[in-house]
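Bear in mind that the values in this text are calculations on the coordinates, not laboratory data. Keep in mind that this is a model prediction, so the values were computed, not measured. Because the Cβ atoms are built from the backbone with ideal geometry, glycine has one as well, and the counts that use them run over all protein chains shown.
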Ligand code: S3P
């Protein structure tokens with residue numbers, strides 16, 4: 001089989017692990033087209049993620065994420081930053097791994113809480129106790145994020161270091 005020169009790179013991980021920031025920089029450095037699953041869904045629905053959750057509910061949003069993955073992407077040349085819950089749905093991580101290389105950005109619940117506590121655009125974290133919610137979700141999601149081709153701890157590392165780590169591992 002022909003070896004792809006620039007296989008797609010899927011960036012997954014919990015909210016607040018820096019997927020969009022790291023993804024844009026890696027895409028720039030590696031000459032990949034940057035695609036953000038949340039932005040693609042918002043553009044198609046002509047609504048923000050918060051509006052989709054409020055008016056249609058989470059299950060509808062999850063169906064939109066599944067459709068985004070199933071419609072596929074060019075086989076090479078794209079970096080796709082995935083919403084935190086996207087690879088959690090059954091079978092999705094397997095599809096991502098068929099379509100490219102999957103990198104997980106990892107962080108602790110406390111670190112995620114610190115990075116997300118002032119944001120208001122993540123409906124799942126607009127609850128009375130966001131830290132408890134993060135811990136609960138992380139317990140379910142972490143084993144799935146760990147199925148990626150490469151897991152990168154983001155805590156104690158600068159954005160530049162994480163970007164460098166992803167770029168080096170992608171080239172291997
Ligand atoms: C979600 C993560 C968000 C967004 C939505 C749900 C999740 O994306 O898709 O609010 O379930 O973890 P980010 O991970 O880019 O914040």
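For the range 38-137, the square roots of the Cα gyration tensor eigenvalues, ordered a ≥ b ≥ c, give a/c of at least 1.5 with a/b no greater than b/c, which places it in the oblate category. Assign one of three labels to the chain, namely rounded, prolate or oblate, based on the Cα gyration tensor with a ≥ b ≥ c the square roots of its eigenvalues; rounded applies when a/c is under 1.5, prolate when it is not and a/b is larger than b/c, and oblate otherwise. Since a/c reaches 1.5 but b/c is at least a/b, the shape of the chain is classed as oblate.
Helical runs (DSSP H, four residues minimum) scored at -39500 (n - 2.57) apiece and divided by the length of the chain put the mean residue ellipticity at 222 nm at -15000 deg cm²/dmol.
Summary of the geometry: the range 141-167 and the range 1-65, compared by the centres of their Cα atoms, lie 16 Å apart.
Stretching residue 58 away from residue 121 to a fully extended chain increases their span by 21.3 nm, per 0.36 nm per residue minus the current alpha-carbon distance. Taken along the Cα-to-beta-carbon direction at a fixed 7 Å, the label points for residue 167 and residue 3 span 2.1 nm.
Springs between Cα atoms under 10 Å define the GNM used for the chain, and in it the highest mean-square fluctuation of 147, 71, 97 occurs at 71. Label reach from residue 140 (point 7 Å along Cα→C-beta): in the range 88-131, amide nitrogens under 12 Å belong to 88-90. Mean-square fluctuation check for the chain, GNM, Cα pairs under 10 Å: which of 95, 112, 35 is largest? Judging by the Gaussian network model, the answer is 95.
Taking 0.36 nm per residue of sequence separation and removing the Cα-Cα distance, the residue 76/residue 33 pair yields an extension gain of 14.5 nm. Sequence-distant contacts, meaning Cα pairs under 8 Å at least 6 residues apart, place the relative contact order of the chain at 34 percent. Peptides 60-70, 79-89 ranked from most to least packed by the mean count of surrounding Cβ atoms within 10 Å: 79-89, 60-70.
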